[in-house]
Amino acid sequence: MDLLAVVGGTATHALTFGAGEEGGGGLTINLFWILVASLNFLLFLAILYFAAFKGIGRTLDERRARIEAGLRDADAARVAREQATQERQAVLTDIGAA
């Protein structure tokens, strides 16, 4: 017995639309081939995920870390600039008072 005929069904088990039972050329939907195509698509998505999306995610995480480090550095520079401005004002006030 043919394994594909058992698993996928034969022409008598397939759904036929259009031409009717006695004629040929109608639309035939074979559930076995729908299952095979679905599994192929899922396999393609899995390969695409591991080949591309993981690398893209890693790149985005690295970029996010660089941006966060840049923001922290900018904030530290802003605080240092404000402290330097306050020190300068204090020195100018001391010189003006003397």
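Return the FRET efficiency for the residue pair PHE32, LYS54: r is the Cβ-Cβ distance, R0 is 30 Å, and the value is rounded to the nearest 0.05.
Values: r = 32 Å, r/R0 = 1.08.
Approximately 0.40, to the nearest 0.05.
Derived scalar couplings between HN and Hα for segment 73-90 equal 5, 5, 5, 5, 5, 5, 5, 5, 5, 5, 5, 5, 5, 5, 5, 4, 4, 5 Hz in order, rounded to whole Hz, by the Karplus curve 6.51 cos²θ - 1.76 cosθ + 1.60 (θ = phi - 60°), x for Gly and Pro.
No lab work stands behind these numbers, since they all come straight from the coordinates. What you see is a predicted model, and the numbers here were worked out from it, not measured in a lab. Glycine gets a Cβ as well: all are built from the backbone with ideal geometry, and neighbour counts include every protein chain shown.
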